[in-house]
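Inspection log for the structure reproduced underneath, given as structure tokens.
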2 protein chains.
Amino acid sequence: MEADVKRIMLTVAYDGTNYRGWQLQPNGITIEEVLNDTLSALLKEEIKVIGASRTDTGVHSLGSIAVFDTASRMPAERLPYALNQRLPRDIRIQGATEVAPDFHPRRCDSRKTYEYRILNREFPLPTQRLYAYFTYVPLDVPRMQAAAGYLVGRHDFKSFCSADSSAQTTVRTVYDLQVSCREELIVIRITGDGFLYNMVRIIAGTLMEAGRGRIRPEEVADILNACDRAKAGPTAPACGLTLVKYEFIRETT
Amino acid sequence: MEADVKRIMLTVAYDGTNYRGWQLQPNGITIEEVLNDTLSALLKEEIKVIGASRTDTGVHSLGSIAVFDTASRMPAERLPYALNQRLPRDIRIQGATEVAPDFHPRRCDSRKTYEYRILNREFPLPTQRLYAYFTYVPLDVPRMQAAAGYLVGRHDFKSFCSADSSAQTTVRTVYDLQVSCREELIVIRITGDGFLYNMVRIIAGTLMEAGRGRIRPEEVADILNACDRAKAGPTAPACGLTLVKYEFIRETT
């Protein structure tokens, strides 16, 4: 007789500074590994989470999604408290809910929102060093905003994808892309149906090229059309990137 | 013949997480020690800085002041760049300027501004854990604002001073005290002519008591009048505190 197994979805926030990203790695501790170990110890069965997306070394998250199956009778709403007592302080569960047994987070239509933060002033601020990319080169925010406008919509983002991507198609939809500025902090906020490998960081690097005057905003349209990674700007460093939220629209069949 | 000695004032920002505060300590590394060592190595003479104020273990700063004498011919405006190349990433010089040879930062009238940050939501956010105090207990910001109003002005702040203070007088002037809230982050911002030992953290702890309904805002007047540390709230944890800026008004004679 099989135990009554249920599927749980966790929302997970973390400071990526001390991890080799989300996904299990042979050399280096990852978020996925810590979640598996902590869940297994708490629930006293071997747990393997399924992540909805991966983040790289040093990238942060306010709301990553992980799904797992368990025979435990612990109510889902108790899990965040029980897990947060055992997790290291740089990982914190934000919520847990029971989902359908066949729910798979990578087979659902979803919207993901990322933020890329840039500290733009003469000298670095130590308290921002882990959560924003620093540059003393003055960035023109209106130029960055104009450049960003060319990326909104459904496009082939091949130029904004690292070469080692295994994606079957490089067409993605950017629903929204805003560049805002509060004092010395520039925030690029992007929402899309999915992002290619390094896509947000290459977009950030390209918008910074526009902001410092190396390319004209309208050249972003040419970069898109070229479908050539070499035409876009550099991949901006990981520390400035945060996965802000993950929204499921409806399950794909 | 004496070398041509000049006095330099540094503005220093740091992440206090990994330091035992500002002041030299027998056991544990401090900001003052790192500055002395780095300046001495750069300028090839023994340098001892004079700090304008001290911060405790784990407290952060955007603009602490340190003064030192040097025979070096390096122009003051070059110092931030030269020092920042040698300092650890959690300390960054924000500016350097030559001052009068008899300028002493603790014998000047000054205004200091501190911020105390509180993250008030159901679960902690890892990326805020080092720079904001977390509490899941809902805080009523208008009540905190009302309570704060009683502390503005010239008062005897003995109730808001840790017992082991060596201050000669406990009378201080609070020029401004604002409680603001942006989403889940509550920021207490206070400007005064000087602060007693732990004063900002005890004020933060007391305002949080008002915010959670344990005391009425008007009771803050009674706490002030009592001149008794036991009447005020607890000392809020160090990580939420940041020295924001230091302004010199005019030199006292």
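The values are calculated or read from the model by the stated rules, or taken from the named source; none is laboratory data. Note that the structure is a prediction, hence the values are computed from the model and not measured. Cβ placement follows ideal geometry from the backbone for every residue including glycine, while neighbour counts extend to all protein chains displayed.
Remarks
- B:Pro138 being assigned to a loop (DSSP other than H, G, I, E, B), closer than 18 Å to B:Leu241 by Cα and either in contact with a helix residue (DSSP H, G or I) (Cβ under 9 Å, 6 or more places away or on another chain) or touching a residue at least 12 places away in the same chain (Cβ under 8 Å) (or both): no
Yes/no matrix, rows are residues, columns are (1) β-branched (Val, Ile, Thr); (2) in contact with a Pro (Cβ under 8 Å, 6 or more places away or on another chain); (3) in a strand (DSSP E or B):
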{"position": "A:Trp22", "(1), (2), (3)": "no, no, no"}
{"position": "A:Gly28", "(1), (2), (3)": "no, no, no"}
{"position": "A:Val34", "(1), (2), (3)": "yes, yes, no"}
{"position": "A:Leu39", "(1), (2), (3)": "no, no, no"}
{"position": "A:Asp56", "(1), (2), (3)": "no, no, no"}
{"position": "A:Ile65", "(1), (2), (3)": "yes, yes, yes"}
{"position": "A:Ser72", "(1), (2), (3)": "no, no, no"}
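- B:Arg89 vs. criteria modelled with pLDDT of 95 or more, surrounded by fewer than 19 Cβ atoms within 10 Å (Cβ to Cβ) and facing chain A (nearest Cβ under 9 Å): yes
- Pick from region B:95-120, criterion more than 30 Å from B:Ala71 (Cβ to Cβ) and of a type in the set (D, E, K, R), ranking: farthest from the chain's Cα centre (by Cα): B:Arg117
- Strands (runs of 3 or more DSSP E) fully within region B:141-253 counting 1 or more residues that are within 24 Å of B:Glu122 (Cα to Cα) and of a type in the set (Val, Ile, Thr): B:171-182, B:185-192, B:241-251
- Of all residues making up region B:119-162, the number that are surrounded by fewer than 16 Cβ atoms within 10 Å (Cβ to Cβ), within 14 Å of chain A (Cβ to nearest Cβ) and under 25 Å from B:Asp176 (Cα atoms): 0
- Conditions (1) in contact with a helix residue (DSSP H, G or I) (Cβ under 9 Å, 6 or more places away or on another chain); (2) crowded, with 17+ Cβ neighbours inside 10 Å; (3) more than 14 Å from chain B (Cβ to nearest Cβ): number failed by A:Glu33: (1)
- Residue check, A:Val200 crowded, with 16+ Cβ neighbours inside 10 Å, within 14 Å of chain B (Cβ to nearest Cβ) and under 19 Å from the mean Cα position of the chain (by Cα): no
- Within region B:1-17, restricting attention to residues that are farther than 18 Å from B:Arg106 by Cβ and surrounded by 14 or more Cβ atoms within 10 Å (Cβ to Cβ), the residue that is farthest from the other protein chains (Cβ to nearest Cβ) is B:Lys6.
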